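Note sheet for the following structure.
Nothing in this text is a laboratory measurement; each read-out follows from the coordinates by a stated rule. Because the structure is predicted, anything quoted here is derived from the model rather than measured. Glycine also receives a Cβ, built like all others from the backbone with ideal geometry; neighbour counts cover every protein chain displayed.
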Amino acid sequence: MSDHTICIIGVDIGTSSTKSVLREANGGVRTVFQQSYTTQHPQPGYSEQRPEDILEAVKNAIREAAKLAGNAPLAIAFSSAMHSIMAVNRDGVALTPFMIWADNRSESSAQALRSSSEGGEIYRQTGTPIHAMSPLCKIHWLREHQPALFMEAALFIGIKEYVFHHFFGTYIVDHSIASATGLFNMHTLQWSKTALAAAGVKAGQLSCPVPASYVISGLSPAMAAELEIPANTPFVVGASDGCLAQLGSGAMDEGHATLTIGTSGAVRMAGNRPLTDAHQRLFTYLLTDNVYITGGASNNGGVVLQWLVRDFLQQPLTALNGLVQEALATSPGKLLCLPYLLGERAPIWNSAASAAFIGIQPQHTPAHFTRAVLEGICFALYSIKTALQETAGPVRKISVSGGFTNAPGWIQLLADIFGQPMYLQQASDASALGAVILAAEVLGLHITPMAIPEAEQVFYPDEIRHLQYEEKYQRFLQLYEQLASFMTAY
């Protein structure tokens, strides 16, 4: 096959936007389109998105990539955010908006399931900590709080399932997305009977699980015309954004972790075993049927900084970059921040967790508060890395990516807190690239991941500062333990 015919489109359906990338004739991969959408918060704890907004963005992402390609794509592959759920009736009509990962309304359900006799077994089977983020808890909440709607629902589906049903009229879910629902047995690759019983649904009310490499084609003529691609274009179902980011980052070797900070944050590492943590601090999700991604995600990344600037400091978001630079120029101080503005996932899994500043003194300026937030975000990620190392083994290398890498001082702060070098990747869109790499493997082609050692910039830790931060980190952990009992859910 000549190289000029190689054209693969990767589509990443994210929390704030959908983007598409194109594998070009020269072997490079570049972003060609991005369309944002909004999240609605109609009540405290609610985080919802309109399915039609996401579908429109996906269609536009495919269409624009196909136009730029100039020839028919060999395949279109998908990455998607995890943990979304929507109820639909027998005709496929949406009965609810998408409840996305940040939706915390089901915390009462999570508490009930965690403390139940089946809670530990559900975690061991699914690898998903029992938390309000998971579809398991969201469905349980709908059953308890909206029984009429629950009875009307024929299926409960996620974002990618909705898109594929619109394109092909069938409900399928890849093993990777399924493994993040809290309803999927990662050992048997089937829906967990224990989790289904806890949620009060049957397997037939969920999509049919398929491998990440599953290929489907056969668009209707009208849909093919709308997307401006041939009707027989192969669609590779793909996997979750977190798992594919690991693949796209080239971090598949033992002990190689990835750390990302965007709206939220995460630390992950690949392995060949379905690990679970004795303290239920970490998730394990499938990438493919013999590759597992273990790690933890934080709710509180850049979103906390946006809140600090816009709502707390009452400044325009355009001032954010300047404030971050000013904060990083200050010296570490006593001011301490718990960054749990949106509750928290790993490693504490407490939707009722809330943010706090401790140690405020008259000399503290907006720069000091900003620095405390930056440090708090890093401390939260450091706690995930600690749990990951205890469960999955030594973390020998950490590759960093995400919007925060635009501030080199923030990367240096991470290196100082972790006491490890941080390897900056010079490209973005790891999840979409991971989808392209997966599709290429299905087609028998080869595409190099973005993490080329020669292209990495390394940030080495300052050992003296690391010792200072280690002491401050211990106070961070103690502060949460002391305040946790005062934090209440909605």
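Our coupling estimate for the range 109-118, obtained by passing each phi through the Karplus curve with A = 6.51, B = -1.76, C = 1.60 and θ = phi - 60°, is 5, 4, 4, 5, 6, 4, 8, 6, 5, 8 Hz, Gly and Pro reported as x. Annotation: amide H of Leu282 within the under-5 Å range of Asp277, sequence separation 5 or more or interchain, hydrogens built in the peptide plane.
Rounded to whole Å, the principal axis extents of the Cα atoms in the range 54-123 read 57, 27, 22, largest first. Please identify every one of the trypsin sites (Lys or Arg not before Pro) in the range 61-105 that sits in a loop by DSSP and has no more than 15 other beta carbons within 10 Å of its own beta carbon. Taking the range 61-105 and a limit of 15 other Cβ atoms within 10 Å, the loop trypsin sites (Lys or Arg not before Pro) found are Arg90. The label point for Glu228 and the one for Gln468, both projected 7 Å from the Cα toward the Cβ, are 5.5 nm apart.
Positive end of the dipole of the chain (Cβ unit charges, origin at the Cα centre): among Ala257, Leu381, His279, the Cα lying farthest that way belongs to His279.
Computed over neighbours whose Cβ is under 11 Å from that of Ser213, the net charge equals -3, Lys and Arg +1, Asp and Glu -1. Listed by chain and number, the lysines placed with their C-alpha closer than 24 angstrom to that of Lys59 are Lys19, Lys67, Lys160; residues fewer than eight positions away on the same chain are left out. For the range 3-243, taking the reciprocal of the average inverse distance between every pair of different Cα atoms yields a Kirkwood hydrodynamic radius of 18.3 Å.
Between the beta carbons of Lys334 and Lys202, assuming R0 = 56 Å, the FRET efficiency works out to 0.50 to the nearest 0.05.
Couplings 3J(HN,Hα) of the range 132-146, computed from phi: 4, 5, 7, x, 3, 6, 5, 5, 4, 5, 4, 4, 7, 10, 9 Hz, in residue order, whole Hz [Karplus 6.51 cos²θ - 1.76 cosθ + 1.60, θ = phi - 60°; x for Gly and Pro]. The distance separating the Cα centre of the range 177-252 from that of the range 100-149 comes to 21 Å. Rg over Rh for the chain works out to 0.96, both radii taken from alpha-carbon positions and Rh defined as the Kirkwood radius. Taking +1 at the Cβ of each Lys and Arg and -1 at the Cβ of each Asp and Glu, which of Ile159, Leu196, Ser79 sits farthest along the dipole of the range 3-243 towards its positive end, judged by Cα position relative to the Cα centre? In the range 3-243, that residue is Leu196.
About its Cα centre, the range 214-365 has a charge dipole of approximately 460 debye under the convention of +1 per Lys or Arg Cβ and -1 per Asp or Glu Cβ, with nothing else charged. Charging the Cβ of each Asp and Glu at -1 and of each Lys and Arg at +1, and nothing else, the dipole of the chain about its Cα centre rounds to 480 debye.
In this structure, the amide hydrogen of Ala356, modeled 1.01 Å from its nitrogen in the peptide plane, lies closer than 5 angstrom to those of Leu338, Tyr340, counting only residues at least 5 positions away or on a different chain. Averaged over residues, the count of other Cβ atoms within 10 Å places the peptides 433-445, 34-46 in the sequence 433-445, 34-46, highest first.
Calculated FRET efficiency, His145 to Glu326, Cβ-Cβ distance, R0 = 41 Å: about 0.35 to the nearest 0.05. Couplings 3J(HN,Hα) of the range 251-256, computed from phi: 9, 9, 7, 4, x, 9 Hz, in residue order, whole Hz [Karplus 6.51 cos²θ - 1.76 cosθ + 1.60, θ = phi - 60°; x for Gly and Pro]. Counting only residues 5 or more places away or on other chains, whose amide H sits under 5 Å from the amide H of Phe78 once H atoms are built in the peptide plane? Residues meeting the amide H criterion: Val11, Val236, Gly238, Ala239.
Placing unit charges on the Cβ atoms only, positive for Lys and Arg and negative for Asp and Glu, gives the range 3-243 a dipole magnitude near 280 debye about its Cα centre. Please quote Rg/Rh for the range 247-380 to two decimal places, taking the Kirkwood radius as Rh and restricting both calculations to Cα atoms. In the range 247-380, Rg relative to Rh is 1.05.
Kindly give the semi-axes, whole Å and largest first, of the ellipsoid equivalent to the range 23-92, taking each as the square root of 5 times a Cα gyration tensor eigenvalue.
Ellipsoid half-lengths, sorted descending, are 31, 15, 11 Å.
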